[in-house]
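*Asks:* I have a structure I would like to understand better, so I am pasting it below and will then ask my questions one at a time.
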Amino acid sequence: MASASTPGQSPQPTHANPHRQQRKQHASGARPDLPAFVDWPAFPFEGDIRLKSLQDPVGAEPPRRGDRQEQCAACHTPDSAYLWTDERWRLKSPPAPSGLPVVVILEPRAHLDLGDLSTMHAAELGVLTVRLERAIRSLESVAQVHVNRWGDGTAHLQQWFLARPKGYLQLRGPFMTMWDEILPPVEEHEWRMNLEYIAAWLADD
């Protein structure tokens, strides 16, 4: 048998997708029409679930919110509505607490999407992403931070930071945005304290 230090035939690498394998295994179970993730512990629903039919593709994509700068809500929102601002970036939160201890949104001050960022903006986005992740993760109630950007909503770039509360392992993974709307809102006092802490962290250069 060949080893790492012995010449010989190398084992063939496997490129199998574990989720696809799970799906094949799942296909022989009780619900063959559903993907494997419906049985993951993090999936927030149970019971009788049915798949929607996939709609036919459209000929032209609809415009996104704020495609025209004069109609962009972010461009017309004053700094006073944001938690933190600087020359080129602004940070805000949703208007009320949700199920997660922290949800904040980073936006460029200029009307730019991700692919429109200059080299300077792109470098600053990387630095701010790391600083925000560290700030949020340093909260005692937070275990991990998810960083997301969805391109189908607004044309003005929004990078979302969502904090998973410590100890809640069922919230791990891609369904945490669903759990954010399912869980009861955190206490408003705690929510405000968390946001003030994050704003102070960013302000401390």
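Every read-out reported here was derived from the displayed coordinates using simple, explicitly stated rules and does not represent laboratory data. As the structure is a computational prediction, the values presented were derived from the model and not from experiment. All Cβ positions, even for glycine, are placed from backbone atoms using ideal geometry, and neighbour counts span all protein chains on display.
*Asks:* If r is the Cβ-Cβ distance from Val130 to Trp40 and R0 is 25 Å, what FRET efficiency results, to the nearest 0.05? Numbers along the way, then the final one.
*Replies:* Values: r = 29 Å, r/R0 = 1.16.
It comes to 0.30.
*Asks:* What do you get for GluC sites (Glu not before Pro) in segment 111-205 restricted to DSSP loop and a cutoff of at most 10 other Cβ within 10 Å of the site's Cβ?
*Replies:* Counting only loop positions with at most 10 other Cβ atoms within 10 Å, the GluC sites (Glu not before Pro) in segment 111-205 are Glu140.
*Asks:* Ranking request for peptides 105-117, 39-51: highest mean number of other beta-carbon atoms within 10 Å first, then the rest in descending order.
*Replies:* Put in order of decreasing packing, that is 105-117, 39-51.
*Asks:* With a point put 7 Å past each Cα toward its Cβ, work out how far Asp79 is from Thr177 in nm, to one decimal.
*Replies:* With each label point 7 Å from Cα toward Cβ, the separation is 3.1 nm.
*Asks:* Also, I was wondering about something else. Which net charge results when you count Lys and Arg as +1 and Asp and Glu as -1 among the other residues whose beta-carbon is under 11 Å from that of Leu195? Before the final figure, lay out each step's value.
*Replies:* Values: positive: Lys92, Arg192; negative: Glu188, Glu190, Glu196.
Once positives and negatives cancel, what remains is -1.
*Asks:* Order by neighbour count: Asp180, Asp204, fewest other Cβ atoms within 10 Å first, most last. All intermediate terms of the calculation are to be shown ahead of the outcome.
*Replies:* Working: Asp180 19, Asp204 8.
Ranked by crowding around the Cβ, least crowded first: Asp204, Asp180.
*Asks:* Taking amide H positions as placed 1.01 Å from N in the peptide plane, with prolines and chain starts having none, which residues 5 or more places from Arg65, or on another chain, fall under 5 Å of its amide H?
*Replies:* Amide H neighbours of Arg65, under 5 Å, 5+ apart: Ala155.
*Asks:* Could you give the length gained on full extension between Ser53 and Asp116, defined as 0.36 nm per residue of separation minus the Cα-Cα distance, in nm? Each step should come with its number before you reach the end.
*Replies:* On the way: separation 63, 0.36 × 63 = 22.68 nm, distance 3.47 nm.
So the chain would gain 19.2 nm between Ser53 and Asp116.
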